[in-house]
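Please read the structure below before turning to the comments.
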Amino acid sequence: MDIKKKKQSGTLTVTVSGRIDTVTAPQFQDGVKPDLEGVSNLVIDFADVKYISSAGLRVLLSLQKIMNKFEVTGFSDILTIETA
């Protein structure tokens, strides 16, 4: 898995490639979470992600809770999903 980050004007854009699974999910979280200070908009580009496991989905929920600072009810309520 490879993570690239760009922070600009309160927006953190994270581009991820490869697989996010049980082994790489902690790396994904540790690669994003420390950079959330002062961020009001988090964009994660999964265009080059080949697979995401439930461990990766848990990281997404964790990041969304940090961004929203309130309890989240479900993926469809918190994620904007765009297809190519």
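FYI, it's all coordinate maths here, none of it is from the lab. Worth saying up front: this structure is predicted, and the values here are computed from it rather than measured. Note that each Cβ is placed from the backbone with ideal geometry, even for glycine, and that neighbours are counted across all protein chains shown.
Computed with the Debye formula from one identical point scatterer per Cα of region 1-54, without solvent, the log10 of I(q)/I(0) at q = 0.15 Å⁻¹ comes to -0.39.
Of the chymotrypsin sites (Phe, Trp or Tyr not before Pro) found in region 6-76, those in coil by DSSP whose Cβ has at most 16 other Cβ atoms within 10 Å are PHE70.
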